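The values are calculated or read from the model by the stated rules, or taken from the named source; none is laboratory data. Source: prediction; values computed, not measured. Heads up, the Cβs are rebuilt from the backbone with ideal geometry, glycines too, and the neighbour counts pull from every protein chain shown.
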Amino acid sequence: MSDIELMGGDIQEAPKPVETPRVKRKYTRRKPKIEAASKRRKPREEPLPAGWLQGLNSINCCVACGPEKCMITGENVCGHPNKGGLQTKYMSDKAVMGRFGEARLHLAHQEAEGGKGRKF
Ligand SMILES: [Zn+2]
């Protein structure tokens, strides 16, 4: 015996679930093409060829460096970490600072490796 039968004798249908109106999706999955394109076009500093630090050691700058252009500063001023470091005007240049940091790291690795051999 169910409660429904007791109430009116008729078997009532179970109450219909309240129909919820479909909410329009606010988010679209696809990314606007414009955004993707602009992202790609954003200049990520000029890409340096792999191994641009080649030749860099404690006394010499990169092989690719020339009197008219240093690979680190990108200008005609050598940015070799051991040659007096960077000029102040480069300190605010993130690209130069990045390359300078890489150069220093490169030198540090060299020094570490050289040190191992020189231990005797
Ligand atoms: Zn240089």
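I'm trying to understand the selection: among the residues of the stretch 53-79, which are out of contact with any helix residue (DSSP H, G or I) (no Cβ under 7 Å at 6 or more places or on another chain) and closer than 21 Å to Ala112 by Cβ?
Gln54, Gly55, Ile59, Asn60, Cys61, Cys62
Scan the stretch 10-38 for residues that are at pLDDT 65 or above and of a type in the set (Val, Ile, Thr) and jot them down.
Ile11, Val18, Thr20, Val23, Thr28
Could you please find all residues in the stretch 106-120 being modelled with pLDDT under 60 and either charged (D, E, K, R) or surrounded by 10 or more Cβ atoms within 10 Å (Cβ to Cβ) (or both)?
First, the residues of the stretch 106-120 that are modelled with pLDDT under 60: 117-120.
Arg118, Lys119 - these are the residues of the stretch 106-120 that are modelled with pLDDT under 60 and either charged (D, E, K, R) or surrounded by 10 or more Cβ atoms within 10 Å (Cβ to Cβ) (or both).
Looking at the stretch 94-112, which of its residues are free of Cβ contacts under 8 Å to residues at least 40 places away in the same chain, within 15 Å of the ligand (Cβ to nearest atom) and either part of a loop (DSSP other than H, G, I, E, B) or among the hydrophobic types (A, V, I, L, M, F, W, C) (or both)?
Answer for the stretch 94-112, where residues must be free of Cβ contacts under 8 Å to residues at least 40 places away in the same chain, within 15 Å of the ligand (Cβ to nearest atom) and either part of a loop (DSSP other than H, G, I, E, B) or among the hydrophobic types (A, V, I, L, M, F, W, C) (or both): Val96, Met97, Phe100.
Name the residue that is nearest to the ligand (Cβ to nearest atom), counting only residues in the stretch 79-92 that are in a loop (DSSP other than H, G, I, E, B) and loosely packed, with under 11 Cβ neighbours inside 10 Å.
Of the residues in the stretch 79-92, the ones in a loop (DSSP other than H, G, I, E, B) are 79-87, 91-92.
Of the ones still in play, those that are also loosely packed, with under 11 Cβ neighbours inside 10 Å are 84, 92.
Details: Gly84: 12, Ser92: 19 Å.
Of everything passing the filter in the stretch 79-92, Gly84 is nearest to the ligand (Cβ to nearest atom).
Out of Asn60, Asn76, which single residue is in a loop (DSSP other than H, G, I, E, B), more than 14 Å from Leu107 (Cβ to Cβ) and within 12 Å of the ligand (Cβ to nearest atom)?
Numbers: Asn60 fails: more than 14 Å from Leu107 (Cβ to Cβ).
Sole residue among the options that is in a loop (DSSP other than H, G, I, E, B), more than 14 Å from Leu107 (Cβ to Cβ) and within 12 Å of the ligand (Cβ to nearest atom): Asn76.
Taking only pairs six or more apart or across chains, which ones have beta-carbon atoms under 6 Å, a first residue in the stretch 56-82 that is in contact (Cβ under 8 Å) with a residue 12 or more places away in the chain, and a second residue that is more than 6 Å from the ligand (Cβ to nearest atom) and of a type in the set (Lys, Arg)?
Every condition considered, the pairs that remain are Ile72/Arg99; Pro81/Arg104.
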